[in-house]
1. Residues in the range B:388-405: is at least one in a strand (DSSP E or B) and in contact with a Leu (Cβ under 9 Å, 6 or more places away or on another chain)?
2. Please enumerate the residues belonging to the range B:492-548 that are closer than 27 Å to B:E296 by Cα and not in a strand (DSSP E or B).
3. Can you find, within the range B:135-158, the residue that is nearest to B:D495 (Cα to Cα) among those that are aliphatic (A, V, I, L, M) and under 12 Å from the mean Cα position of the chain (by Cα)?
4. Out of B:S288, B:S280, I need the residue that is surrounded by fewer than 12 Cβ atoms within 10 Å (Cβ to Cβ) and not assigned by TED's automatic domain parsing to the domain that holds B:A102. Which one?
5. Restricting attention to the range B:200-213, does a residue exist that is of a type in the set (S, T, N, Q), under 15 Å from B:S561 (Cβ atoms) and surrounded by fewer than 19 Cβ atoms within 10 Å (Cβ to Cβ)?
6. If the requirement is being among the hydrophobic types (A, V, I, L, M, F, W, C), surrounded by fewer than 22 Cβ atoms within 10 Å (Cβ to Cβ) and part of a strand (DSSP E or B), which of these qualifies: B:I312, B:I332?
7. Would you call B:V534 exposed (fewer than 13 other Cβ atoms within 10 Å of the Cβ) and within 26 Å of the chain's Cα centre (by Cα)?
8. Which condition does B:T589 not pass, out of (1) surrounded by fewer than 20 Cβ atoms within 10 Å (Cβ to Cβ); (2) over 27 Å from B:N446 (Cα atoms); (3) touching a helix residue (DSSP H, G or I) at 6+ places or on another chain (Cβ under 8 Å), if it passes all the others?
Amino acid sequence: MSYFVINEELLSQIEMLETLIRNNVAGMFGGNHRSRNFGSSCEFADYRDYADGDDTSKIDWNAYARFEKLYLKLYLDERQMHTRIYIDASRSMEHGDAAKAEQSIRIAALIAYLSVAEMDKVSVYVIKEGAAIPVVSNIVGKESYLASIGALNDVVFDGDSRISDAILPSTVGYGDGMSVIISDFLTDNDYENALNHLAAKRRDIFCIQVLSREELNPLTRGKVHLFDSESEGREYRRHVDREIAEAYKKALAYLTGKLRDMCQARGGEYVLVSAEDSISDVFFDKMIGTGVVK
Amino acid sequence: MSFLYPLGLLGLIGIPILILVYIIKTKYTEQTIASTYLWRLSEKFLKRKNPISRLAGIISLILQILAVTVISLAIAHPILTVPAGADEYCFILDGSGSMNMAESDGTRFEIAKNRINEVIDSSGNGSLYTLIYVGDTTLTVYEKSDDPELCKLLLSELQPSYSSPDISEAMAMAQRLFSANPGAELLIFTDTDYLSHQNVKIVNVSSEVKNYSISDMSYTYSGNDLTVTGNVISHKGDAVLNIGLYLSGYTSPVSSVAVTTAEGEHTPFTVTAKTAGFSSVRCAIEESDSLAEDNEYVIFNVQKNEMFKTLIVSDNPFFLKSSISSAVSADIDTVPASEYTGTAGYGLYVFDSFVPDSLPTDGTVWLVNVDGSVSGSGFSVQREISFETSAVLERSSSTSSVARALLKDTLGDQIHVTEYIKCAPYRNFTTLYSYNSNPIIFAGVNANGNRQVVFGFDLHKSNIAVLYDYPVLIRNLVDYSFPEIVDRTDFVSGDRAEINVIANCDSIRVDSPLGNVSYLDTTGAFATLPLDEVGTYRITMTVAGSPRIFNVFSAMQPEESVPSPISESADVIGDAADLGIDGIRDLLTAAIIALAVLFSADWMVYCYEKYQLR
């Protein structure tokens, strides 16, 4: 199934949003470009204890003279970042009116544009079953972006997705930018290992959870037998009353809270997006509002 | 608990049907959603449900089952038996004339009825009520009824009489009831003080009220002078009473007199007036009191028609004509037998030794010495029997009203006859004299409805003419032939007036003082009119299409004028016991309320599930 999410209207909208932040704010992800990783630029960042194997040329001897202890001077690294965007392409994202799938594509296109605008490199992957399949690879610059981003329209959302299984074996880079995971995270499959792996690879983690309005505020009541779109084996049969509805809300709060905690514990960011939100709402309310975009 | 209509419990069949429908109807809505993850996760956040909340899913079914159960119970009409929760009551309601007396809050009878209603209202459900009304007759209005509303309805329809009833029959009924259930409460609602009343509660509804009465009135009328005498009594305290004399046609007294009377004493009064004539005379006490019915007395002037038209058909009418003339001032015509052609217009027809072809239809008939059967006469002539010397007729010893009236004042002289005609009556006649059980002189009503007297012998061939009894007998027969409608016009409530039924009487209509209309039997010679009310009875006798109107007055019984009567005893023998009877609680109302609650609850559950949660 092809989507027509990436079209001229969306692109012009994204371009306008990018223009707004360029003129009014410092930039995205630290600008052009101070990563969170310490490197070899001239700009001092911090001290840390010396460890065996460290470059002895970076020992601060003045500090040693003062404290009689070896400290290593750290400098901010300055280089081209590589933004890697992972889209959950499971059937649950497409079920119904495909709002979640479309919203995922829109958000991926937005983040990709913001990245290329910062002269960063961008790759977009779809996670299908246990694999991260590149859709757009290593695009740099807006021309390249415009030439290739339309490929997202052809993403097929089907089957299951196992985020950890897909990301762990893939090339995620090391300390060179942001890894964005766009998913509903409504899965029994593991994704925590993926986050751990990305954190270990010193990637900036950004999880975007896309949920439909019905998932955020379910109206289902009475005797229902619910079947999972991804697996017939997963079903739910209950007389949904107010107690269960309240339990559902608690479960939702638990899931989003858990995901947020996971991201923040790994220095990452998390936003919850409704599939029905407009792209400008997502940009201003979710990304700028939560400080993801600075 | 019992049920009035146990078949209503068949409605419980609806419960399994309801459950079956519920099972069939209960279907989960199948739906595929993006992910069931959150729903499954929500299970961990469900509170541990208590057993009651687990029923929440089927609370509607539970309510509906309860509703079906309650509907079935309501149809079956459950009755709960409460041991010893009720009592048995026997009310004896005094309906005597004095119960008509007015108290401050109604008549005594109304007060008594209210008291009975109060007892019924305060009694337990399932109580049994027996009401014995003692009025003109002793009447068991209801016996052991458990329906208080019906009892009150029947009670409301009772009215006091004007008689002086005896409660002994009612006490006998109460005794029977008490013997069967010593726990029964016996109550007499009366205005009488009973000197002893064992096992009986007296509810006296009387108070100290004043009452006057008038009685024993009579009058004499000579020339134009009318003199009326009577007695008045003040039943409470001494009094000066003004007594007015009212004549027919006058609305105000033509004369009056003031009488000073002491309490309880019969004080005579005399009041006079001059009048050219009157049809009634009424004396009334002008002072008001608690009972108006005994404040007046009326006597009607029955002016008897002394002229009786008589036709004697005989070849030798002299003897009969002189006999009848001596008895009554009669207008008598005579006609020889050969010239009789069936003339009409007489009150009395006498056929002497003559057999008419047919009987007259408009008057009394005497058949003297008829030697042949007459059509419609009610008897056949068999033969003539002669005696060598004479035979003595046997006087009837019958106590019938006709025999007593016709033989009144006779001494029983022996009537000798030398021959007689043997008659065989086939209608109902009253025999006055007979021989060997053969009726010789007998009277009755013939086929035309006229009175008829038969002499089965030739008057000249007997000694009857020389007997003392003869003019008396003829007088009685003439009275019988020209009957007065009533002998007197003043009676006392409870009396029975005898009405003489005139020949060819079509109907006798009676309008009572209270406006009740009744008709008396006209087939006999006399009709009896029971006088149960106080006041003037209007009697309209229609004879051959012409109405003749007479009035009689029924006065209040003197003893009923006493405001606080005293009686000796109203005892019921036996030992009273504090026994209750099983009371009942009608649960129908409770069932209906429960049903309304269940329906409301079910409706609220439905709305709650349907709207509130969404």
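1. Checking the range B:388-405: at least one residue is in a strand (DSSP E or B) and in contact with a Leu (Cβ under 9 Å, 6 or more places away or on another chain).
2. Correct list: B:S493, B:G494, B:D495, B:S512, B:P513, B:L514, B:G515, B:N516, B:L531, B:D532, B:E533, B:V534.
3. Here the answer is B:L139.
4. Just one listed residue meets the conditions, B:S288.
5. No: zero hits.
6. B:I332
7. no
8. Unmet for B:T589, out of (1) surrounded by fewer than 20 Cβ atoms within 10 Å (Cβ to Cβ); (2) over 27 Å from B:N446 (Cα atoms); (3) touching a helix residue (DSSP H, G or I) at 6+ places or on another chain (Cβ under 8 Å): (3).
The values are calculated or read from the model by the stated rules, or taken from the named source; none is laboratory data. What you are looking at is a predicted structure, and each value in this text was computed from that prediction instead of being measured. Counting neighbours? That spans all protein chains shown, and the Cβs are built from the backbone with ideal geometry, glycine included.
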